[in-house]
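Report on the following structure.
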Amino acid sequence: MARRLIEHDPLSKTSVYHSYDDLTKETVIEEIQDVSHILEVNKNTQNHDVGGGGGLNEYSRQGIKNGWWHVASIPNSVIMKWKKEHGVDVFNKDHTKAITRLLNDPAWRYLRTGTGRV
């Protein structure tokens with residue numbers, strides 16, 4: 001089965017590949033995203049001036065003080081995974097409780113930009 005690059009988005013660091021198996025007549029579209037930069041930025045932001053009130057770091061405190069709170073940077077590949085495996089759509093306001101539950105889960109800590117609970 002030959003794999004062919006269809007497109008690459010340098011901004012999101014996402015590549016889309018097409019494969020076709022002549023024996024099974026099966027077509028596969030595969031999307032791969034390099035998320036290392038997003039996760040590194042999240043980690044550095046989490047660790048910035050930690051130890052404030054309520055378990056919040058300075059980034060979170062300043063955001064809340066100014067009327068916003070950037071709690072996470074979620075890569076496209078994770079957005080798709082949550083929708084497929086958990087039925088959670090991050091673009092649907094009715095899914096806010098499920099998104100909050102996932103972001104507070106230690107398994108998804110690397111998506112968070114702040115400390116404390118969402």
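Taken together, the values in this text are just the output of simple stated rules run on the coordinates, not laboratory data. Remember, it's a predicted structure, so these values are computed and weren't measured experimentally. Cβ sites come from the backbone with ideal geometry, for glycine too, and all protein chains shown count toward neighbours.
Suppose every Lys and Arg Cβ carries +1 and every Asp and Glu Cβ carries -1, with no other charges. What dipole size does the chain come out with about its Cα centre, to the nearest 20 debye? Don't jump to the answer; show the numbers that get you there.
Working: 16 positive and 15 negative charges, 120 e Å.
In total the dipole reaches around 580 debye.
For Val88, list long-range residues whose amide hydrogen, built 1.01 Å from N in the peptide plane, is under 5 Å from its own amide hydrogen.
Here Lys83 satisfy the definition.
Lys/Arg Cβ at +1, Asp/Glu Cβ at -1, dipole of the range 49-118 taken about the Cα centre: which of Leu111, Asn92, Tyr59 is farthest positive-ward?
Asn92
Would you work out which of Leu5, Ser73, Tyr17 lies farthest towards the positive end of the dipole of the chain? Charges go on Cβ: Lys and Arg +1, Asp and Glu -1.
Ser73
At a Cα cut-off below 16 Å, give the aspartates and glutamates reachable from Lys83, other chains included and same-chain residues fewer than 8 away excluded.
Glu31, Asp94
Please list, in order along the range 104-118, the HN-Hα scalar couplings obtained from phi with the Karplus expression 6.51 cos²θ - 1.76 cosθ + 1.60 (θ = phi - 60°), rounded to whole Hz, x for Gly and Pro.
Per-residue couplings from phi come out as 7, 6, x, 5, 10, 3, 5, 7, 6, 9, x, 10, x, 9, 6 Hz.
Residue by residue through the range 16-29, which ³J(HN,Hα) values in whole Hz follow from phi under the Karplus form 6.51 cos²θ - 1.76 cosθ + 1.60 (θ = phi - 60°), with glycine and proline marked x?
Result, rounded to whole Hz: 10, 10, 10, 10, 9, 9, 4, 5, 9, 6, 9, 9, 10, 10.
Provide, for q = 0.18, 0.19, 0.20, 0.24 Å⁻¹, the log10 of I(q)/I(0) from a solvent-free Debye sum over equal Cα point scatterers in the range 35-118.
-0.77, -0.85, -0.93, -1.22
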